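Peer 1: Below: one structure in C-alpha cells.
The values are calculated or read from the model by the stated rules, or taken from the named source; none is laboratory data. Note that the structure is a prediction, hence the values are computed from the model and not measured. Here the Cβ is made from the backbone with ideal geometry for all residues, glycine too, and neighbour counts use every protein chain on show.
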Amino acid sequence: MKPSIFLFGEAEKGEFGIPFLCDSLPMLCEALGEPPPESQGIHYAIQTLLYDRSVLFYRVQEEGFSTKDYLKGLYLLQKSSSIPSGLALCLPGVGDEEILDEATKICSLRKSFLVLTEKDLYDYLSNP
C-alpha cells in the first residue's frame with residue numbers, strides 16, 4: 001500500500017463518518033463531488049493524489065466545526081487496526097483545542113504527522 005493521509009473535510013456527496021479510500025482523481029470526483037465553498041478538504045485530497053499518495057477521506061458535516069464528527073473519526077483512527085500506522089493526519093479548518101489535542105495524542109501513538117494550515121495553528125495557539 002502506498003503512503004496515505006487520513007483527511008477530514010466537507011464534500012458535496014458521500015457517506016458521513018466512514019473513511020473513504022481514494023487512489024485517483026476520477027475516483028475522488030465520482031465519490032465526493034465538488035468541494036463546498038470555503039472548504040479545504042478536497043483541495044488537500046487533490047494535492048495528496050497528485051503526489052502519488054492515497055487518501056482516506058473522512059467526510060464531516062461542517063469543516064472545522066463538527067466537533068462530534070471529528071472526535072468520532074479520531075476515535076475510529078485510534079481504535080482501528082485496519083488503518084495503517086505512519087500516515088499523516090490532515091485537519092484543514094480546525095483550530096479547536098479539544099480536537100487538536102486529541103489528534104496530537106493519536107499522532108504520537110501512531111507515529112504520524114499532523115497537517116494544519118497556518119491559520120488553524122494560529123487559532124489554536126492564540127486560544128485563551
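Peer 1: Would you pick out the residues in segment 111-128 that are touching a strand residue (DSSP E or B) at 6+ places or on another chain (Cβ under 9 Å) and surrounded by fewer than 17 Cβ atoms within 10 Å (Cβ to Cβ)?
Peer 2: PHE113, LEU114
Peer 1: So, one more: Out of SER80, SER66, I need the residue that is surrounded by fewer than 23 Cβ atoms within 10 Å (Cβ to Cβ) and farther than 18 Å from ASP120 by Cα. Which one?
Peer 2: Of SER80, SER66, the one residue that is surrounded by fewer than 23 Cβ atoms within 10 Å (Cβ to Cβ) and farther than 18 Å from ASP120 by Cα is SER80.
Peer 1: Run LEU50 past the list (1) modelled with pLDDT of 90 or more; (2) surrounded by 20 or more Cβ atoms within 10 Å (Cβ to Cβ); (3) aliphatic (A, V, I, L, M); (4) closer than 16 Å to SER4 by Cα and report the number of the one that doesn't hold.
Peer 2: (2)
Peer 1: Further question on the same structure: For segment 41-67, what are the residues that are among the hydrophobic types (A, V, I, L, M, F, W, C), closer than 11 Å to LEU28 by Cβ and touching a Phe, Trp or Tyr at 6+ places or on another chain (Cβ under 9 Å)?
Peer 2: Across segment 41-67, the qualifying residues are ILE42, ALA45, VAL55, PHE57.
Peer 1: Going by the conditions given, is TYR58 part of a helix (DSSP H, G or I), surrounded by 12 or more Cβ atoms within 10 Å (Cβ to Cβ) and either at pLDDT below 85 or under 13 Å from the mean Cα position of the chain (by Cα) (or both)?
Peer 2: The answer is no for TYR58.
Peer 1: Among the residues of segment 19-35, write down those that are surrounded by fewer than 20 Cβ atoms within 10 Å (Cβ to Cβ), modelled with pLDDT of 90 or more and either part of a helix (DSSP H, G or I) or under 16 Å from the mean Cα position of the chain (by Cα) (or both).
Peer 2: Residues satisfying the conditions are PHE20, LEU21, ASP23, LEU25, PRO26, MET27, CYS29, GLU30, ALA31.
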